[in-house]
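First up is the structure itself, then whatever we jot down about it.
The values are calculated or read from the model by the stated rules, or taken from the named source; none is laboratory data. All values derive from a computational prediction rather than experimental measurement. Here Cβ is always computed from backbone atoms with ideal geometry, including for glycine, and neighbour counts include all displayed protein chains. In case anyone asks, the SASA skips ligands and DNA or RNA and just uses the protein heavy atoms, side chains included. Shrake-Rupley method; radii C 1.70, N 1.55, O 1.52, S 1.80 Å.
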Amino acid sequence: MVEHNKISLTVSKLPEITLLFWVMKISTTTLGETAGDLFSMTLNLGYAISSILLFGFFLVTVIPQLFAKRYLPLLYWSVILSTTMVGTTISDYLDRSLHLGYVAGSGLLLSILLLIFAFWRLSGQTLDVEKIRSPKTELIYWMAILVSNTLGTALGDFLADSSGLGYAGGALLIGGILLASAIAARFTQISKVFLFWLAFILTRPFGATFGDLFTKSVDKGGLGVGTIESSLILLSILGLCITYAMWQYQRRVR
């Protein structure tokens, strides 16, 4: 029992925050957008049914992650993918089926996310993801990720559909903010924890707008690639990144 506690306090089950992490995060969030739309629109399951099915996928992936003893790249990124997929359909259900709209939907999700961060901070744990060691903190971490990816979908849809920027314009705007955040992290004294979560949230609308740019029809401002084709391309890219991450991790632990 003592040895188990020692492991949970000293071994991180989460990836290092490197350039590869952000490449994989953007790939995963973009895939989550196209795959979520594949369930709800292409397969015509609707937002509610798709959300229920994909939330089940989230549980199937996050429970083994919580019980894992070390960082497993395939498992970790499967959970991230599941949060982006279910986040896409939940956001669409709130904004479209319940008719909350993008602004009200984003406001509701932002409020929930801030409450999660407040609870996390009041629990006495740091919001620095590189220092997460306990199962309780990891559970809060995954709750924050699920809500942040849902929020990101609503923000991305707002930029693409309601702001007048379109899919390409929305992606360029978010990409510029992400670049500014990276520069701030490198050259300023702004909290690295704050900048991490800002970038983590914004990569979701970046993925959403970038994904929609590929999948939406040309008459709607997209490239008309299609959800199935786009999902397969993104899945291949993500698979290569996960394979490299697993190889890199195995080299480090030998």
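When you go through Gly224, Gly164 one by one, which is the residue that is outside any helix (DSSP H, G or I), open to solvent by 30 Å² or more (accessible area, probe 1.4 Å), at pLDDT below 75 and out of contact with any helix residue (DSSP H, G or I) (no Cβ under 7 Å at 6 or more places or on another chain)?
Details: Gly224 fails: out of contact with any helix residue (DSSP H, G or I) (no Cβ under 7 Å at 6 or more places or on another chain).
One residue alone meets the criteria, Gly164.
Restricting the search to region 183-196, which residues are in a helix (DSSP H, G or I) and open to solvent by 50 Å² or more (accessible area, probe 1.4 Å)? I'd like the intermediate steps shown before the answer.
Here is the first cut: in region 183-196, the residues in a helix (DSSP H, G or I) are 183-187, 192-196.
Scanning region 183-196 gives Ile183, Arg186, Phe187, Lys192, Phe194.
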Of the candidates Ala144, Ala180, Ala154, the one satisfying the condition of being in a helix (DSSP H, G or I), modelled with pLDDT of 90 or more, of a type in the set (A, V, I, L, M) and open to solvent by less than 10 Å² (accessible area, probe 1.4 Å) is Ala144
For region 127-141, the count of residues that are open to solvent by 60 Å² or more (accessible area, probe 1.4 Å) and farther than 21 Å from Leu81 by Cα equals 3
Item to complete: Please tell me if Leu139 is modelled with pLDDT of 85 or more and outside any helix (DSSP H, G or I).
Response: no
Within region 106-126, of all residues that are open to solvent by less than 30 Å² (accessible area, probe 1.4 Å) and not aromatic (Phe, Trp, Tyr), the one modelled with the lowest pLDDT is Ser106
Note on region 23-37: residues open to solvent by 10 Å² or more (accessible area, probe 1.4 Å) and more than 13 Å from Ile233 (Cβ to Cβ) are Val23, Ile26
Of Phe58, Phe67, the only residue that is among the aromatic types (Phe, Trp, Tyr) and open to solvent by 70 Å² or more (accessible area, probe 1.4 Å) is Phe67
The lone condition Val103 fails out of (1) open to solvent by 50 Å² or more (accessible area, probe 1.4 Å); (2) in a loop (DSSP other than H, G, I, E, B) is (2)
Looking across region 70-81 at residues that are in a helix (DSSP H, G or I) and surrounded by fewer than 19 Cβ atoms within 10 Å (Cβ to Cβ), the single one that is modelled with the lowest pLDDT is Leu74
Over region 42-55, the set of residues at pLDDT 80 or above and open to solvent by 10 Å² or more (accessible area, probe 1.4 Å) is Leu43, Asn44, Leu45, Gly46, Tyr47, Ala48, Ile49, Ser51, Ile52, Leu53, Phe55
